[in-house]
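In what follows, a single structure is set out as structure tokens and then discussed.
The values are calculated or read from the model by the stated rules, or taken from the named source; none is laboratory data. Only a predicted model underlies this, so the values are computations on that prediction, with no experimental measurement involved. Here the Cβ positions follow ideal geometry from the backbone for every residue, glycine too, while neighbour counts run over all protein chains shown.
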Amino acid sequence: MKVCRKSGAISSRRRIFFAGGVRRGGEMGERPALEGTYGHGGGVMAAARLSGRAETDIDDFSTNCFFAAAPLTERLLGKTAWCSGSALLRYPDPGNVRLRAALAAREGMEPDAVIAGNGASELIWAALLALRTRGARRVLFLGPLFVQYARACAALGMETEQVLCPEDDSFLPDAAALDGVARSGADVVIVCSPNNPGTGILRDFSPLLDAVGRRVLLLDASYRGFLPEGDPGALPYPSLAGEAERNGAVLILLDSMTKFFCCPGVRLGFAVAEAELVARMDACRPSWSVGTAAESAGLALLEHEAEYRALLPELAQGVEAVAGHLEESGLFRRVLRGPSFVIAALRNGDAADMQARLLRREGVMIRACDNIPGMPEGWVRIQVRPERHMQRLYAGLKHLQGTLSPGLLHAAFA
């Protein structure tokens, strides 16, 4: 069966594997207006233009940053000296030597196995371009995946396939999905764990690595910082790479510093891989991708990582509270708990319509997930914030109860 879905500039042929067979698809997903060309949350400026509100009058729940840590980030980065006259008058260090050394020590690797980037998004493009120069032509997406992967593959002329994972287990790959990976002729397999937006966490990588075999596994681990220390879903790179190597696979681990450290405006991420592949990635991008400000910020944040981890219990309580409110609202047929966000599937109505109504009525912006490869239609994603910030969202949902769902008004919204 053929399916064509418009997606603006994104146009990449794909094959989609189901337990019952293969569906061929045309383009990589529709694009709600607020997500714009880049298919990402956080479009406050676009929301302000569409709603006629001031940017400061919009509460943005569409990103996944560790919002409870925002005051800590503001305090730490306010003390960095990157904006001094001498720093402004010098070019940044093109090799980001100090930051790479700090990241390498954190990951238990040598610095030549680590590369810092202008957000994890830049490294998605660098990794895929580097792999293309090594002969990779086909890429498989396993489960829900950030739309930037589809954009990069389309721009690089790489064929893509999508193996869909069932929502019953938080979009984790089941036996049928892993069989789809094993049967695929793709050169590169990409998976996100903890998954955004699917929420699932891989804690046993052996079945996946068996399915990948002697290919490249790109693991997007941008949310592993939210996991408790010692959680098997957050294994250090050397452990995972060793297991991959025993299977004949090559592992690239991608991580974002903007999510856990709540600094999306800084644009900072990193990847860990074998030294030859890191050098190839570095050669596939412009010089000075990470400026002095971002490197200084990264060093300051890493030095205080323990203070961020101390806030995780508060975040976990917030996730439960928000999920409970959504479940009691009657608007959603299913609610899943993520590392720093909650996703929910509407009983009735359209995700983009809910997004537009909340913005128009309450100045609240959520993420409609319809343009995310691997996600079924009708899901929304909501960032978890401290309770005092959630009341505006709850007020909007209370109003929608009479228009999107027959659900009764529950005490949580009274």
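Which one is nearest to Ile343 (Cα to Cα) among residues in segment 124-176 that are among the charged types (D, E, K, R) and in a loop (DSSP other than H, G, I, E, B)? Break it down stepwise before answering.
In the first step, residues of segment 124-176 are kept if they are among the charged types (D, E, K, R); the result is 132, 134, 137-138, 151, 159, 161, 167-169, 174.
When the remaining residues are screened for being in a loop (DSSP other than H, G, I, E, B), the result is 134, 137, 174.
Details: Arg134: 37, Arg137: 33, Asp174: 20 Å.
Out of the qualifying residues, it is Asp174.
Say we look at segment 385-414 and pick out the residues that are surrounded by fewer than 14 Cβ atoms within 10 Å (Cβ to Cβ) and among the polar types (S, T, N, Q); which of these is modelled with the lowest pLDDT? Write out each step before concluding.
Residues of segment 385-414 that are surrounded by fewer than 14 Cβ atoms within 10 Å (Cβ to Cβ), as a first pass: 387-388, 391, 402-403, 406, 408-409, 411, 414.
Adding the requirement that they be among the polar types (S, T, N, Q) leaves 391, 403.
Details: Gln391: 94, Thr403: 68.
Ranking the qualifying residues of segment 385-414, first place goes to Thr403.
For segment 84-99, give me each residue that is surrounded by 14 or more Cβ atoms within 10 Å (Cβ to Cβ) and free of Cβ contacts under 8 Å to residues at least 60 places away in the same chain.
Taking segment 84-99 and keeping what is surrounded by 14 or more Cβ atoms within 10 Å (Cβ to Cβ), we get 87, 92-93, 95-96, 98-99.
Answer for segment 84-99, where residues must be surrounded by 14 or more Cβ atoms within 10 Å (Cβ to Cβ) and free of Cβ contacts under 8 Å to residues at least 60 places away in the same chain: just Gly95.
Would you check if there is a residue in segment 115-127 being farther than 15 Å from Leu254 by Cα, touching a residue at least 12 places away in the same chain (Cβ under 8 Å), surrounded by 18 or more Cβ atoms within 10 Å (Cβ to Cβ) and assigned by TED's automatic domain parsing to the domain that holds Ala234? Please lay out each step first, then the result.
Of all residues in segment 115-127, those farther than 15 Å from Leu254 by Cα come to none.
Checking segment 115-127: not a single residue is farther than 15 Å from Leu254 by Cα, touching a residue at least 12 places away in the same chain (Cβ under 8 Å), surrounded by 18 or more Cβ atoms within 10 Å (Cβ to Cβ) and assigned by TED's automatic domain parsing to the domain that holds Ala234.
(1) at pLDDT below 95; (2) surrounded by fewer than 15 Cβ atoms within 10 Å (Cβ to Cβ); (3) touching a Phe, Trp or Tyr at 6+ places or on another chain (Cβ under 8 Å): which one isn't true of Gly108, the others all being true?
Exception for Gly108: condition (1).
Quick check, is Ala297 surrounded by 24 or more Cβ atoms within 10 Å (Cβ to Cβ) and in contact with a Cys (Cβ under 7 Å, 6 or more places away or on another chain)? Walk me through how you get there before you give the answer.
Values: surrounded by 24 or more Cβ atoms within 10 Å (Cβ to Cβ): yes; in contact with a Cys (Cβ under 7 Å, 6 or more places away or on another chain): yes.
The answer is yes for Ala297.
Tell me which of these Pro286 doesn't satisfy, since it passes every other one: (1) within 16 Å of Gly117 (Cα to Cα); (2) buried (at least 17 other Cβ atoms within 10 Å of the Cβ).
For Pro286, the exception is condition (2).
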